[in-house]
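Report on the following structure.
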Amino acid sequence: MKKGNLFVVSGPSGAGKSTICRLVRKMLNINLATSATTRKPREGEVNGRDYYFLTIPEFEEKLRNGEFLEHAKVHENYYGTLKAEVESRLAAGENVILEIDVQGGLQVKEQYPDANLIFFKTPTMEDLERRLRGRKTDDEATIQLRLKNSIKELEYEKMYDTSIVNYTVDDSCGHLIRIIEEKSIED
């Protein structure tokens, strides 16, 4: 059986990754590996669907047990992808998207050199700030932390295979779909 392809989507918080990945998954019937995090759920988020919400001790135990493909501490919380979420799907020939932070993306590339790393960003920093504020999910301190961290995250763009500037959701979805379809045809 042909092994599935692994796509890693990263970029600053507020760049539109979640929205675009959610839409593309529905259009292509592609899997998104559910990440684990120690952050508190936002309104409407469901454990096991949006994230696996873990306590810090639970996350650290899984980390000690080698259960993570990648992990990082971002915005004062742990995030990580469980190996089991990815490996079984790839082995079954399914394509998988990981929507993870830039540090995690590079960790995945070390273990899966053929992974496709795709970097999302907004046209300007002003757009990024407007989007973060428009979500109305974070307090001012969190928004400032995310903006500060985005400057560091943008430095990783050059280490990714492809960059997508998210001018509009429709254009960005189309771009990501083309990348996935082209890779699937190659293999």
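The values are calculated or read from the model by the stated rules, or taken from the named source; none is laboratory data. If you're wondering where the values come from, they're calculated on a predicted model, not measured in any experiment. In this analysis, Cβ positions are derived from the backbone assuming ideal geometry, glycine residues included, and neighbour counts consider all displayed protein chains.
Table: residues versus (1) of a type in the set (D, E); (2) without any contact (Cβ under 8 Å) to a residue 12 or more places away in the chain; (3) touching a Ser or Thr at 6+ places or on another chain (Cβ under 6 Å); (4) part of a strand (DSSP E or B).
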residue	(1), (2), (3), (4)
E61	yes, yes, no, no
Y79	no, no, yes, yes
Q103	no, no, no, no
L106	no, no, no, no
K109	no, no, no, no
P113	no, yes, no, no
L117	no, no, no, yes
F120	no, no, no, yes
P123	no, no, no, no
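Counting only residues that are part of a loop (DSSP other than H, G, I, E, B) and free of Cβ contacts under 8 Å to residues at least 60 places away in the same chain, the range 148-187 holds 4 of them. Considered as a group, the residues in the range 83-101 that are of a type in the set (D, E, K, R) and assigned to a helix (DSSP H, G or I) include one that is nearest to T19 (Cα to Cα), and that residue is E85. The single residue among L6, L69, L23 that is surrounded by fewer than 19 Cβ atoms within 10 Å (Cβ to Cβ) and hydrophobic (A, V, I, L, M, F, W, C) turns out to be L23. For the range 26-37, taking the residues that are more than 15 Å from S172 (Cβ to Cβ) and either surrounded by fewer than 16 Cβ atoms within 10 Å (Cβ to Cβ) or of a type in the set (S, T, Y) (or both), the one that is modelled with the lowest pLDDT is identified as N29. With respect to Y79, determine if the residue is buried (at least 20 other Cβ atoms within 10 Å of the Cβ), out of contact with any Leu (no Cβ under 9 Å at 6 or more places or on another chain) and either polar (S, T, N, Q) or farther than 18 Å from I179 by Cα (or both). Yes.
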